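Values quoted throughout were computed directly from the atomic coordinates according to the rules given, and no laboratory measurement underlies them. It should be emphasised that the depicted structure is a prediction, and the values quoted were computed from it without experimental measurement. Quick reminder, even Gly has a Cβ in these numbers, built from the backbone with ideal geometry, and neighbours come from all protein chains shown.
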Amino acid sequence: MAPLLECRDVTKIFDGLIALAQVRLELEPGDILGVIGPNGAGKTTLFNVISGLVRPTSGKVFYNGKEITGLGSNKICRLGIARTYQLVRPFASLTTLENVLVGASFGRDRLLPFRERVARAREELDFVGLHERADEPAANLTLLDKKRLEIARCLATGPKVLLLDEVIAGLTASEVLNIIATVRDIRKRGIAVIMIEHVLKVVMELCRTVMVLNCGSTIAYGSPGEVVNNPRVIEAYLGTSDSLHRGAGARV
Amino acid sequence: MSADAIQLLVGGVLLGGIYGLAAFGLSISFGVLNVLNLAHGEFLMLGSLASYSAFVLLGINPFVSALLAIPVFVLLGVAIYTLLLKPVSDKPPQQLLTASILVTLGLSLVIEDLTALFWVRPVTGIDYSLPAVQVGPVIVSSLRLLILLFICFLAMALQIGLKKTFTGKAIRAIVQSREGAKIVGIPISRVSALTFGLGVALAASAGVFYVTLFTVTPAMGLPLTVKYLCVVVLGGLGSLVGSVIGGLVLGVAEVLTAYYIGAEWSPCIAFALLVSILVVRPWGLFGQSA
Amino acid sequence: MNGAAGHLRPLWLLAAAGLILSVLPWVVSPYVLVWIFLLCVYLTLAASYDIVGGYMGYMNLGHSTFFGLGAYGTAILLNHGYGLPMAAAGGVIVSICFAALVSYPLFRLRGAYFALGTFGMISLVEVLINNLRNLTGGSGGISTPPGDNTVPAYYLSVLIVAATLTFSYLISRSRFGLALFSIREDEEVARSLGVPTSLYKALALVFSAIPASLVGGVYVWCVTYISPPAAFGLEIALSPIVMAMLGGTGTLLGPFLGALFLTSLQELLWTKMPYLHLTIYGGILVTIGLFMPGGIVRARWFRPVLDALGVGEKMRYLDL
């Protein structure tokens, strides 16, 4: 049986800059994969390739065994892959409910009549805990609420795979716990998750498998325990004792 | 190549040079301000009229006019930026777009209309003749050659300015990464004002030469701005070199169209080129594909 | 908000307005009818522009091209002996074909580039019309069969306005309209949520072309003459857009207010001041851009009027 989502040797080169180099990943239904790595490692680019925002220079992406490389992002969404964004992007002048309704109206449930789509949207708002803010313009929400809105909006499209891009960034400690609980609930619904994160603790806690990217290449792929002790990973984050002596100028 | 063809080519390159110069101003302005100045063509028109007046009333030749025009129009540009564009510059992108289109479009209408009030008859090209020069089998107007040289000189000065001066580097920094430039402490507002002024001045200096070749009317501003858009898209959004090359392509294309198909079709050619490049290669000749 | 009574007030107003408009020809001079006719033409153009410009956020400065194509198409068919219905339908068909064709390259442009590109579209079409002299009469324009069609044209234009505003209202409450709003807010995100952006953008353009070309046909039938400046000039190109922006884009009331304001202004000033029309337009545009880019409808000082009309809350998508 083909994996739910598979990337084969995905490479992306921007004007001479290698953003991704022969990246591979495999995701089964219900999995949760963490993607970590220093800034500029290519993590968001990977999401962009999977979700169809960007065409890879070479390599292929497969969903349920069928190739989806280069398909438009709206088609990929309908197939069942949804993503959030590193810097939240709500539809500012629409209300919270309307935001989620967009997802409900153009995703898996797009053929349902109006009332049922609105009901679906409300369900997802309840799921993330935003039902009290349904009629507020999205621009007025707090950061945490905007992140929850993005998640609800994605869930409303009925995805089987959810890509979360640094969903924890900028949140306080208690807000982080809130989001972690939401991610656990998402997994309980049977949705596979790939999360890009910087906060290692969260990744170790939530993810069964972890992939480490550095300068576009995968330098480790395995369970959290394996990855954390991998010398290449330690070097990528902290540098070797040599480069530490050489000084900060070495890394730019 | 026949003598005719060479003449056409020279004419086309010259026209292209003028287009490229103005388009470069538009491109750099857009790169720094993130605002497309719809009034850009109006400044070309003003430059033309200024050059004409200077020549007819004071006997100043176009080359001197161009040099004089630059500081004047830089100041004008800075003033316009401070009054009209700075107030809207920190709005979110969607609002910035609407506001900037409204403001620059409104400005172009006002400039055009007020100019028309004072300028009643179309202005024909300056009759500034120099003895013709023979290059190979072809007789080329030395005026045209000089203009071409002058434009090259301006372009080179610009390149050097962009690479060596602090302002030039600041401009390039902002174009590459606005946030990064802010973090490093570059005064975005001041550099934006200067860049806008520079863009305006480039349009005006292009206009100074434009009037030696063509008839100028107050209403030519907006159609010209549309042409510059075509040039910038043709060359590739975000590429300064592309704007210049795009200008050359358009200039040659227009001249060839006027000669072989008929002058009444040459306003079409800019748009036709735009549509073709959008269909075939949407990111332009030098732009980056997604 | 007064609950049920508040919701019904605008309907009463509309009914009253409809009644007055239908008996007007018996009461006032043809001059007033022509003024209302022009108001309706501009309002139709402003409201149809707003579908792409306001709902979707793409400023189509070339909207009047559809008007011009509708007018010319209708004129040519009228001169070949067809009656108004067929001729106007022909004009609409030409216009929507053009819209469908041109949407493919044009929508590769974004933001101000799109605005400029669509503006260039006008002069392209104008040059084409000028040069295809045998078909279109060139720069001299064409005349259509003479006749005093003022009163029927008046009724037609009022009907077209009503239909256009209803059409716009239905769009704004539909799934399609929600998609347009999402495209306006963030096209990339909308796409990643499944919205078929390329298709919908083209559809929006085609939808906006229908009322514009229809009213172009009725216009030429009434005025019995069309020429390139009348069809593609700056005035007809910019007026509806200024109206929509002045009144407030993305709303139904906005284009109406803007059209009302500007046609009245034109009526009062144009005859007294033959110059400086464009300056005034330009001044209005700059003022809106600097101080109230949301238009009159969203201005704080206008709220009391909105409340009095019974439309207290901003027109929102979901009215549950």
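If R0 is 35 Å, what FRET efficiency do you get for C:LEU276 and B:ALA79 from their C-beta distance, rounded to 0.05?
0.95
Which value, in Å to one decimal place, does the Kirkwood hydrodynamic radius take for chain A when every pair of different Cα atoms is included?
About 18.9 Å for chain A.
How much of the DSSP beta bridge set in chain A is antiparallel, as a percent to the nearest 5?
DSSP beta bridges in chain A are roughly 55 percent antiparallel.
Which links in A:LYS75/A:LYS160; B:LYS163/B:LYS227; A:LYS146/B:LYS91; A:LYS43/A:LYS147; A:LYS60/A:LYS201 stretch past 23 Å when you go from one Cα to the other?
Violating the 23 Å limit, Cα to Cα: B:LYS163/B:LYS227; A:LYS60/A:LYS201.
Determine one quarter of the surface area of the Cα convex hull of the protein assembly as shown, which equals its mean projected area, and express it in nm² to one decimal.
41.5 nm²
Between C:LEU269 and A:ARG115, how many nm apart are label points set 7 Å from Cα along the C-beta direction?
The two pseudo-label positions are separated by 5.2 nm.
With each label point set 7 Å from Cα along the Cα-Cβ vector, what nm distance links C:LEU19 and A:GLU123?
4.9 nm
Any chance you could check the Cα centroid distance between the range C:120-185 and the range A:38-108 for me, in angstrom?
Cα centroid to Cα centroid, the span is 38 Å.
Taking the Cα centre as origin and putting +1 on Lys and Arg beta-carbons and -1 on Asp and Glu beta-carbons, what dipole magnitude results for chain C, to the nearest 20 debye?
Around 380 debye, computed over chain C.
Along Cα→Cβ, 7 Å out, is where each label goes; now give me the distance between the ones at B:ILE183 and A:ARG208 in nm to one decimal.
Those two pseudo-labels are separated by 3.7 nm.
Percent of Cα-Cα pairs per 10 Å bin, from 0 to the last occupied bin, for chain B, please list those.
7, 28, 37, 22, 6, 1
So what's the range C:33-102 giving for Cα Rg divided by 2.2 N^0.38 Å, two decimals?
Cα Rg divided by the expected 2.2 N^0.38 Å: 1.21.
Within the range C:140-165, find all residues whose amide N lies under 18 Å from a label point positioned 7 Å from the Cα of C:TYR225 along Cα-to-beta-carbon.
C:140-150
Kindly work out what percent of the DSSP beta bridges joining two residues of the protein assembly as shown are antiparallel, to the nearest 5.
Approximately 60 percent, going by the DSSP bridge assignments.
Tell me what chain A gives for mean residue ellipticity at 222 nm when only DSSP H runs of n ≥ 4 count, each as -39,500 (n - 2.57), the sum divided by the residue total, rounded to 500 deg cm²/dmol.
Estimated from H runs of four or more residues: -11000 deg cm²/dmol.
Please check which bits of the range B:171-186 a label hung off B:LYS164 would reach, taking the label as a point 7 Å along Cα-to-C-beta and the cut-off as backbone N under 18 Å.
Backbone N within reach: B:171-172.
Taking only Cα atoms of the range A:90-159, what ratio of Rg to Rh do you get with Rh as the Kirkwood inverse-distance radius?
Here Rg/Rh amounts to 0.94.
Which of A:TYR63, B:TYR260 has the fewest other C-beta atoms within 10 Å, and how do the rest follow up to the most?
By the 10 Å Cβ count, ascending, the order reads B:TYR260, A:TYR63.
Say the dipole of the protein assembly as shown comes from +1 at the beta carbon of Lys and Arg and -1 at that of Asp and Glu; which of B:GLY31, C:CYS40, B:PHE196 then lies farthest toward its positive end?
B:GLY31
Which order do C:ARG173, C:ARG191 fall in if you start with the one that has the fewest other Cβ atoms within 10 Å?
The most exposed by this proxy come first: C:ARG173, C:ARG191.
Quick one: angle between helix A:143-155 and the longest Cα principal axis of chain A, in degrees between 0 and 90, rounded to 10, please.
80 degrees
Project the alpha carbons of the range B:150-228 onto their principal axes and report the range along each, largest first, in whole Å.
Reported extents, whole Å, longest axis first: 47, 26, 17.
Using the Cα centre of the range A:90-159 as the reference point, and only Cβ charges (+1 on K/R, -1 on D/E), how large is the resulting charge dipole? Debye, rounded to the nearest 20.
Magnitude of the dipole: close to 220 debye.
Based solely on its DSSP helices, what 222 nm [θ] is calculated for chain C when runs of n ≥ 4 H residues each add -39,500 (n - 2.57) and the sum is averaged over all residues, nearest 500 deg cm²/dmol?
It lands at -24500 deg cm²/dmol.
Between A:CYS215 and B:ARG281, what is the FRET efficiency for a Förster distance of 41 Å, r being their Cβ-Cβ separation, to the nearest 0.05?
0.85
Sorted from fewest to most neighbouring beta carbons within 10 Å, what does the list A:MET1, C:MET292, C:MET59 look like?
Going from sparsest to densest Cβ surroundings: A:MET1, C:MET292, C:MET59.
Regarding chain C, what's the average projected area of the Cα-atom convex hull, expressed in nm²?
17.2 nm²
How large is the dipole of chain B about the Cα centre if only Lys and Arg carry +1 and Asp and Glu carry -1, each at its Cβ, rounded to the nearest 20 debye?
Charge dipole of chain B: 900 debye, to the nearest 20.
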